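Input: a single structure, listed below in structure tokens.
The values are calculated or read from the model by the stated rules, or taken from the named source; none is laboratory data. What you see is a predicted model, and the numbers here were worked out from it, not measured in a lab. Here the Cβ is made from the backbone with ideal geometry for all residues, glycine too, and neighbour counts use every protein chain on show.
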Amino acid sequence: MPANPTETDLAEVEAGLDALDTPATTQRAPLWRRVLRTLLPPLVALTLLIVVWQALWASALWPEFKLPAPLAVWDELRTSAASGEVFGIAWTSVHRAVLGFLAGVAIGTPLGMLVARIRVVRAAIGPVLMGLQSLPSVAWVPAAILWFGINDSAVYFVVLLGSVPSIANGLVAGLDQVPPILPRVGQVMGAGAFASARHILLPAALPGYLAGLKQGWAFSWRSLMAAELIATSPQLGIGLGAYLSHGQNFNDMPKVLAAIFLILLVGVGIDLLVFRPLERAVLRARGLTASL
């Protein structure tokens, strides 16, 4: 005997709703294709930039000391790489930025949680965090030098003040979008404050938190370059900021452009190799983007 038409219609509606709730799955592209799709566009853009640069240099609109040829900058990079100098310079800056960023995560995450969950704390320091995020990090360098001297402590202080507000504000933005029903369910199931934060709030706020981490890294890197440009000392070693400053002091434009290229390369590399895969993995796990 055929089923009741009304029951059949309800079953079809339920099946349709289940299909809407199920994330679309597609066959994942091969690794080589994903790598090519990630690296090819920036490589094409870089090639076009070099072509335009070479054309401007060949037109002789500016003197050589203002706009050197791309080959002169390449020679500076090749010479520094052959001597091993460029690797030590890059490592000095990268390890400072990573350590400062990790410290910023350790401070900014609980701070963001407090601001998002406690109304009095939010009213007291929420606007301060927004103001610190908009304040250029270079403004802290003179104060850091006077407080700590020209040493690593001053550099890390500037990096922290650049990263912590962005990380905390990113987490606050993510927690503000968490449905109120989720922490209530955790309370009903007996989750305490720490367990609720770890197993419910942070996973639910992960997209916004990850965006804050990405911005926090960008501010860490910018803050570090500002500190290294101003706070130069033999005891600090030579980082990318100091390398850039040396090029300026000696009117060496190829060195200046080489330093700018290296700073840009590290920033783009961290984004492509670390944050972009994390972002895609989070979005893919939540069914917010197609598999790549």
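General observations
- Residues satisfying the criterion are absent from the range 98-116 (criterion: farther than 25 Å from TRP217 by Cβ and surrounded by 19 or more Cβ atoms within 10 Å (Cβ to Cβ)).
- Residue in the range 69-86 that is outside any helix (DSSP H, G or I) and in contact with a helix residue (DSSP H, G or I) (Cβ under 8 Å, 6 or more places away or on another chain) present: yes
- For the range 37-66, filtering for residues that are within 28 Å of the chain's Cα centre (by Cα) and loosely packed, with under 12 Cβ neighbours inside 10 Å leaves 11.
- Any hit, the range 69-89, residues being closer than 25 Å to SER163 by Cβ, surrounded by 11 or more Cβ atoms within 10 Å (Cβ to Cβ) and small (Gly, Ala, Ser): yes
- Counting the residues of the range 252-262 that are of a type in the set (A, V, I, L, M, F, W, C), out of contact with any Lys or Arg (no Cβ under 9 Å at 6 or more places or on another chain) and in contact (Cβ under 8 Å) with a residue 40 or more places away in the chain gives 4.
- Taking the conditions (1) surrounded by 16 or more Cβ atoms within 10 Å (Cβ to Cβ); (2) within 19 Å of GLY267 (Cβ to Cβ); (3) not hydroxyl-bearing (Ser, Thr, Tyr) in turn, PRO136 satisfies each one other than (1).
- ILE270 being buried (at least 17 other Cβ atoms within 10 Å of the Cβ), in contact (Cβ under 8 Å) with a residue 24 or more places away in the chain and either farther than 30 Å from GLU64 by Cβ or in contact with a Phe, Trp or Tyr (Cβ under 7 Å, 6 or more places away or on another chain) (or both): yes
- Within this structure, ASN169 fails the test of being closer than 30 Å to ALA231 by Cα and modelled with pLDDT under 90.
- The residue that is farthest from MET130 (Cα to Cα), counting only those in the range 204-243 that are of a type in the set (S, T, N, Q) and in contact (Cβ under 8 Å) with a residue 60 or more places away in the chain, is GLN235.
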